[in-house]
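Asker: Right, I'll just put the structure down here and ask away after.
The values are calculated or read from the model by the stated rules, or taken from the named source; none is laboratory data. Quick caveat, the model's predicted, so the values are computed rather than measured. Don't worry about glycine lacking a Cβ; one is built from the backbone with ideal geometry, like all the others, and counts go over all protein chains shown. Please note that ligands, DNA and RNA were not included when accessible areas were found on the heavy atoms of the full protein model with its side chains. Shrake-Rupley method; radii C 1.70, N 1.55, O 1.52, S 1.80 Å.
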Amino acid sequence: MMASASLRDTYRAALGVSAEQRLVVVSSTWGQRSLIGNHRDLPLQLASELPSDDHRVAAVLHPTIWNGHGRRQIREWYRDDRLQLIPPEQGWQAATIAADVVVGDNGSVTCYAAGIGKPIVLATYPDDDIVPGSVAEMISRTFPRLDYSAPISRQLDGVIDLPSRRDDLAAALTSFPGQAARRLRREMYRLLAMAEPRYEATAEI
């Protein structure tokens, strides 16, 4: 995702987001305590409440949600021209990079979004199920919770204006930032008991 950051404008254009619009990405992991498990209509609520001239809304749902309920059911639940469903096979990375703000839960997409410096609002978070000292706990302490009794657009504006904690969160996610391609390739070839190629390992974008 860091390697693809330079393609943000390309991803936004592919999602139909103009330069004047904000892209709100709603991300949910799976399970009863997830965003969708607690607030299934939130993506539709965001799409209906946020002015369409100024905002675009996209939903990134965990593949288990798609597999568990079926594609037809998911598309029926979220049938709204103002809401863009990101397919489970690919696209969540591009949508996250393109986002101006992520409304998420304790899923991995929220972690990755935090790691690349995206403003985040937590729609739900199972604090009693979080490992102390983990990245998930850091996210829980860092980002505000969505107040369902207050105007959502004002809350999103507020979190966008907060200082980024990207460096702290990225450091918690990896001890070797920017080295994933090289280190993973080295380990794969070691496990295969093969000589590693001499050319430099790079992340494909």
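Asker: Per the 1.4 Å probe, what fraction of the accessible area of the chain, in percent, lies on carbon and sulfur atoms?
Answerer: That share works out to 49 percent.
Asker: Can you pull the three principal axis extents for the Cα set of segment 64-120, in Å, largest first?
Answerer: Computed over segment 64-120, the largest-to-smallest principal extents equal 34, 24, 19 Å.
Asker: Have a look at TYR148, TYR112, TYR189 and tell me which one the Gaussian network model of the chain (Cα, springs below 10 Å) gives the largest fluctuation.
Answerer: The residue with the greatest mean-square fluctuation here is TYR189.
Asker: How much accessible area per residue does segment 1-151 have, counting only protein heavy atoms and a probe of 1.4 Å, in square angstrom?
Answerer: Heavy-atom SASA per residue in segment 1-151 reads 49 Å².
Asker: What residue among SER149, SER34, SER18 shows peak mean-square fluctuation when the chain is described by a Gaussian network model with Cα springs under 10 Å?
Answerer: Looking only at SER149, SER34, SER18, the largest GNM fluctuation is found for SER149.
Asker: Can you give the three extents of the C-alpha atoms in segment 38-95 along their principal axes, from longest to shortest, in whole Å?
Answerer: Principal extents (largest minus smallest coordinate, Cα): 33, 23, 20 Å.
Asker: Translational diffusion coefficient of the chain at 4 °C, 1.567 mPa s, Stokes-Einstein with Kirkwood Rh over Cα pairs, in µm²/s as a whole number.
Answerer: The Stokes-Einstein estimate is 72 µm²/s.
Asker: Could I ask something else about it? Which trypsin sites (Lys or Arg not before Pro) in segment 114-205 pass both tests, a DSSP loop state and at most 10 other beta-carbon atoms within 10 Å?
Answerer: The qualifying sites are ARG198.
Asker: Hey, what number do you get for the chain at 222 nm if only DSSP H runs of n ≥ 4 count, each worth -39500 (n - 2.57), divided across all residues, to the nearest 500?
Answerer: Dividing the helical sum by the residues of the chain leaves -11000 deg cm²/dmol.
Asker: So if we plug the beta-carbon distance of ASP41 and ALA180 into 1/(1 + (r/R0)^6) with R0 = 41 Å, what FRET efficiency do we get, rounded to 0.05?
Answerer: 0.65
Asker: Direction-averaged shadow area of the convex hull around the Cα atoms of segment 134-205, nm²?
Answerer: About 7.8 nm², averaged over all directions.
Asker: Continuing with this model, one more query. Of the residues LEU162, LEU173, LEU50, which exhibits the maximal mean-square fluctuation in a Gaussian network model of the chain defined by a 10 Å Cα contact cut-off?
Answerer: LEU162
Asker: Kindly state, to the nearest 0.05, the FRET efficiency for ALA150 paired with ARG72, given R0 = 35 Å and r defined as their beta-carbon distance.
Answerer: Given R0 = 35 Å and the Cβ-Cβ separation, E is 0.50.
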